[in-house]
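Engineer: The structure under discussion is supplied below as structure tokens; questions concerning it will follow.
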Amino acid sequence: MRKKTLLSLAFVVGTLALSVPLVLAFRLAQEDGRNQANAYLESLALDVLRRSDATRAQIEMAIFELRSGSPQEPCSPEQLARMRVIVARASYLIGLGYLEDNNRLLCSTVAPFEAPVELGPADRVNPSGVWSWGAVELPGVAGARFNINSRGEYAAIIAPQLVIDILEDDSTISLTQVGRDGVRIIRSRGQFKPEWLTGYEGKAMAFSDADHFVVVQPSRNQETEVIAAMTREQVDGMIADAVWRRLPVGLLVGLLLAALVLLFTRNRLSFKAELQTALNRNEFFLLYQPVIDLRTGRCVGAEALIRWNRSDGEVIRPMAFIPAAEENGLIQQVTASVMQMVARDAAELIRNNPQTHIAINFSAEDLHSPQTEERLQALIRECGGASHNIVIEATERGLIAPEKARGILVTIREQGFKVAIDDFGTGNSSLSYLATYDLDFLKIDKSFVDALGEDTPSSQVAFHIIEIARSLGLQMIAEGVETERQRDILREAGVQFAQGWVFGRPMPMADLAEFMRERNAPQPA
């Protein structure tokens, strides 16, 4: 049925492209203009959010440095000098200060005070415990207003417009960052209409009103939104430019579009058939990435990584075929094939190393299928192991439907299987998954490991993830560890396990067995 539907759709789209090329060109030009406007406004909004996130990270880091250093007399020359050093390293901070009773600013690096500045009640207290005041005027800096953010006795001082100052002075683009209530304006330039947020439900959206084209982009923590808007005249100008580009080649575009649609359809259908043939012919194989105990240096297991050896000899990595397998309803067959290969490959390894484990990646469909439990039981029977020898790795995408996944995860954990959340922190709902599911391991994504030791705001993300895992009693596995420096930083931070090229590249099972024998051999005294 899906094949017939896809072919019918391709025929309709191809016919329209051939019969009405000029109309199609005009419509595409309209879409191009709107997409250009949307992409531009979205990029501006995301840039503001990026700057806002960077500012927040610098605030947290500055306060952390002040708290973690040796105690100093409040507002002493030594403390102010230390604050100035920290501010000099932070691109978005104007200054730092010291608070008394949570709302009396005793001193700051911006200007000397003859008397404390009474800040009054905070405009906002966010969920992480940061108190915020807006439009604060400080003595000695006439005519300037600042935003102040504090956690406890230390306050960070920022210029509100610094985050949003990304356009030329004569630009007619409007940019506004508002609080989650949609009423409190944090920073703004140009026009802002509160009714633009009518019907807003916390997700990115784009729309037009009588005068403007508007994009609303939420922050990752859902605490603020950025609204970017341009006039309808600007959008019409973009559409007009696109029309003049497309009309002269309308017919060519129509023919090309029809050809691309037909080619895409044929490729999608043929790729699905090729995947099914590969499954029938057992063209898939596994490599195993060693997992190392950072405390002892022993190899305690491995992650099974699937590869496709096509009939023409080309080896294809999973990122090229796993999405297609998911889209075409073949992913459970792929996972079942992986489990069969693990049962065949790992029997001897588990027999010689009863405490080792093999991690298997599970898709959303696997976590929603009642057959998963039966297949896991068959796996441990065939390899002669026990449930603790298998770790299920679930990505955030696989946990997105808790009403389906929770029951299966509860059942398999009761049977002794371990569960890890993979690529933690790369999605939008990571913390909610930790609150929803009972898990055993948290895997730190390679993107956060790569930033370790770098002087960037993102370099601290891995440490926040480590603190989250430690507070929840989860063991941690760091992915993509490629340098000894990364290894040492992770070990000192309390991460228990790691995998990556610094230890060993993915390898066949025979090589893994030899690697484990050499790695775990008793060392001479």
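Engineer: Search the stretch 435-460 for residues being modelled with pLDDT under 85 and outside any loop (DSSP other than H, G, I, E, B), and hand back the single one that is least open to solvent (accessible area, probe 1.4 Å).
Structural biologist: Result: S459.
Engineer: For the stretch 393-401, does any single residue satisfy the condition of being open to solvent by less than 10 Å² (accessible area, probe 1.4 Å), in a strand (DSSP E or B), modelled with pLDDT of 90 or more and out of contact with any Cys (no Cβ under 7 Å at 6 or more places or on another chain)?
Structural biologist: yes
Engineer: Take the conditions of a type in the set (S, T, Y), closer than 13 Å to A155 by Cα, in contact (Cβ under 8 Å) with a residue 24 or more places away in the chain and not in a helix (DSSP H, G or I) and apply them to Y98. Does it pass?
Structural biologist: Spelling it out, Y98 is indeed of a type in the set (S, T, Y), closer than 13 Å to A155 by Cα, in contact (Cβ under 8 Å) with a residue 24 or more places away in the chain and not in a helix (DSSP H, G or I).
Engineer: If I filter the stretch 470-507 down to residues being of a type in the set (D, E, K, R) and buried (at least 20 other Cβ atoms within 10 Å of the Cβ), which single residue comes out as farthest from the chain's Cα centre (by Cα)?
Structural biologist: R487
Engineer: For residues in the stretch 118-157 being of a type in the set (V, I, T) and under 20 Å from Q222 (Cβ atoms), which is most open to solvent (accessible area, probe 1.4 Å)?
Structural biologist: V125
Engineer: Sticking with this one: Taking the stretch 55-86, which residues are assigned to a helix (DSSP H, G or I), open to solvent by less than 20 Å² (accessible area, probe 1.4 Å) and at pLDDT 85 or above?
Structural biologist: I59, A62, I63, L66, Q79, M83, I86
Engineer: When the stretch 283-303 is examined, which residues are found to be of a type in the set (G, A, S), under 19 Å from F362 (Cβ atoms) and out of contact with any Phe, Trp or Tyr (no Cβ under 6 Å at 6 or more places or on another chain)?
Structural biologist: Hit for the stretch 283-303 is G301, nothing else.
Engineer: Follow-up. Which one of these does R124 not meet: (1) under 25 Å from A57 (Cβ atoms); (2) at pLDDT 85 or above?
Structural biologist: All conditions are met except number (2).
Engineer: Being charged (D, E, K, R) and surrounded by 17 or more Cβ atoms within 10 Å (Cβ to Cβ) is the filter here, so list the residues in the stretch 158-188 that pass it.
Structural biologist: R180, R187
Engineer: Have a look at E223, E195 and point out the one that is closer than 19 Å to I164 by Cα and not aliphatic (A, V, I, L, M).
Structural biologist: Going through E223, E195 in turn, just one is closer than 19 Å to I164 by Cα and not aliphatic (A, V, I, L, M): E223.
Residues checked against (1) surrounded by fewer than 16 Cβ atoms within 10 Å (Cβ to Cβ); (2) among the β-branched types (V, I, T):
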site: P290; (1), (2): no, no
site: C299; (1), (2): no, no
site: I306; (1), (2): no, yes
site: S311; (1), (2): yes, no
site: M319; (1), (2): yes, no
site: I322; (1), (2): no, yes
site: I331; (1), (2): no, yes
site: V334; (1), (2): no, yes
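Engineer: Can you confirm whether Q177 is within 25 Å of E60 (Cβ to Cβ), touching a residue at least 12 places away in the same chain (Cβ under 8 Å), in a strand (DSSP E or B) and under 29 Å from the mean Cα position of the chain (by Cα)?
Structural biologist: Yes: the conditions hold for Q177.
Engineer: State yes or no: is V110 open to solvent by 50 Å² or more (accessible area, probe 1.4 Å), within 28 Å of Q460 (Cα to Cα) and either part of a strand (DSSP E or B) or not polar (S, T, N, Q) (or both)?
Structural biologist: no
Engineer: Is there a residue being under 30 Å from D345 (Cβ atoms) and at pLDDT below 85 anywhere in the stretch 505-522?
Structural biologist: yes
The values are calculated or read from the model by the stated rules, or taken from the named source; none is laboratory data. Just so it is clear, the model here is predicted, and its values are computed rather than measured. Here Cβ is always computed from backbone atoms with ideal geometry, including for glycine, and neighbour counts include all displayed protein chains. Note: areas computed on protein heavy atoms with side chains; ligands, DNA, RNA excluded. Shrake-Rupley method; radii C 1.70, N 1.55, O 1.52, S 1.80 Å.
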